[in-house]
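Heads up: the structure comes next, in structure tokens.
The values are calculated or read from the model by the stated rules, or taken from the named source; none is laboratory data. Predicted model, so just to flag it, every value in this text is computed and none were measured. Don't worry about glycine lacking a Cβ; one is built from the backbone with ideal geometry, like all the others, and counts go over all protein chains shown.
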Amino acid sequence: MLEKMKEIIAEQLSVDADTVTEASSFKEDLGADSLDLFELVMALEDEYSVEIPAEDLQSLTTVGQVMDYLKAKGVEA
Amino acid sequence: MKTRITELLGITYPIVQGGMAWVAENNLAAAVSEAGGMGLIGGANAPADVIRDHIRKVKAVTDKPFGVNIMLMSPYADEVAKVVMEEGVKVVTTGAGNPEKYMDLWKSAGIRVIPVVASVALAKRMEKYGADAVVAEGTESGGHIGEITTMALVPQVVDAVSIPVIAAGGIADGRGIAAAFMLGAEAVQMGTRFLVAKECIVHANYKERILKARDIDSSVTGRSHGHPVRCLRNQMTREYVKLENEGKGFEELEYLTLGALRKAVQEGDVKNGTLMAGQIAGMVNKEQTCKEMIIEMIEQAEGLMNRN
């Protein structure tokens, strides 16, 4: 899942995929603002066919947290 | 000028008055609605009972439709979200965030929900969650703003969603309305022009600053903190921008802006207050009634749009 995530994040946030790790924080490390995060969430929803409600977004600050979240939603790794 | 927005909201003219914090209270909202536009009460950070009071005062003087703007970062947002349902408000616009957690609730009460958005992705998301329309607000607007200009944002949002789009930011006359319609908008939202309306309760000093403002008087504070706010230049903004450029953080500078909008609106403190206004303030130079403004703008817009 990490590879696919890196690819999506790199595309949505215009960052180098190699700089993305599980520990990367969207805001601190990848420079994403709230509008970037919406772009990313929309892309993830499309890719994995899940719904990510806004309330859940606040607790999703790193790449690893998003991966855990998606797995908990039943997305296959 | 019939559009999907005038149909949706049951209004005569496709003009929505911005839900300006502290400024858009019952007098202004009632005057705009009574004149055939869509008046809004600005929920801002006000407690739910204050909003309830404004709603009842509007209902007492007009039976035309009006709405409430809910500022989602307000500590009272949850309560205000309930009050609009209890009071039978027909239209809710939302700002400063994502209203999806209230969407089902409001839709079930038959409320038309119109989020203010500053990007294509948020507009698409709002459509998916059931929004009836969106306000695409460009960075020319006063108050809390996004990055994209109205000219660039509106057609991109129009292309991305199938719900109707209301354009906001930099519009204050019939030319602006006609231009917004050319970009695909089906209504406009305006704040700055209505701020100087006769019915608007804002302090005379604040109105005077807008009436006298030039194009270059617009400044943005807090851009480096990710909380950009557009207002007219004064002692406060100069101090803020100077310290901001020296690298001072959001929390360190909060003392400059805390309560500063109320100071400007109610006390007329034009030195230390936050004089929120859009970039178009330089063109706004007449105090008129809401009705005079709306009729003048619609006639101008129709004249331009029927020219060929």
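Quick notes on this one:
- Selection count where residues are within 24 Å of B:TYR129 (Cα to Cα) and exposed (fewer than 14 other Cβ atoms within 10 Å of the Cβ), scope the stretch A:57-77: 6
- Inter-residue pairs, beta-carbon under 6 Å, first touching a residue at least 12 places away in the same chain (Cβ under 8 Å) and in the stretch B:212-227, second of a type in the set (A, V, I, L, M), 6+ apart: B:ALA213/B:LEU232; B:ALA213/B:ALA281; B:ASP217/B:LEU232; B:THR221/B:VAL229; B:GLY222/B:VAL229
- Among residues that are at pLDDT 95 or above and within 14 Å of chain A (Cβ to nearest Cβ), B:PRO99 is not included.
- Test for B:VAL50: is it buried (at least 19 other Cβ atoms within 10 Å of the Cβ) and not small (Gly, Ala, Ser): no
- Among the numbered conditions (1) farther than 18 Å from B:GLN189 by Cα; (2) of a type in the set (Lys, Arg); (3) more than 11 Å from chain A (Cβ to nearest Cβ); (4) in contact (Cβ under 8 Å) with a residue 24 or more places away in the chain, the only one that B:LYS107 does not meet is (4).
- When we screen B:GLU244, B:GLU239, B:GLU299, B:GLU254 for residues that are modelled with pLDDT under 95, acidic (Asp, Glu) and in contact with a Gly (Cβ under 9 Å, 6 or more places away or on another chain), the only hit is B:GLU244.
- Condition check for B:LYS128 on (1) in contact with a Leu (Cβ under 6 Å, 6 or more places away or on another chain); (2) more than 26 Å from B:ILE51 (Cα to Cα): one failure, at (1).
- Selection count where residues are assigned to a loop (DSSP other than H, G, I, E, B) and either hydrophobic (A, V, I, L, M, F, W, C) or away from every other protein chain (no Cβ under 14 Å) (or both), scope the stretch A:15-50: 12
- Among the candidates A:LEU37, A:LEU44, the residue that is surrounded by 15 or more Cβ atoms within 10 Å (Cβ to Cβ), at pLDDT below 90, within 10 Å of the chain's Cα centre (by Cα) and among the aliphatic types (A, V, I, L, M) is uniquely A:LEU37.
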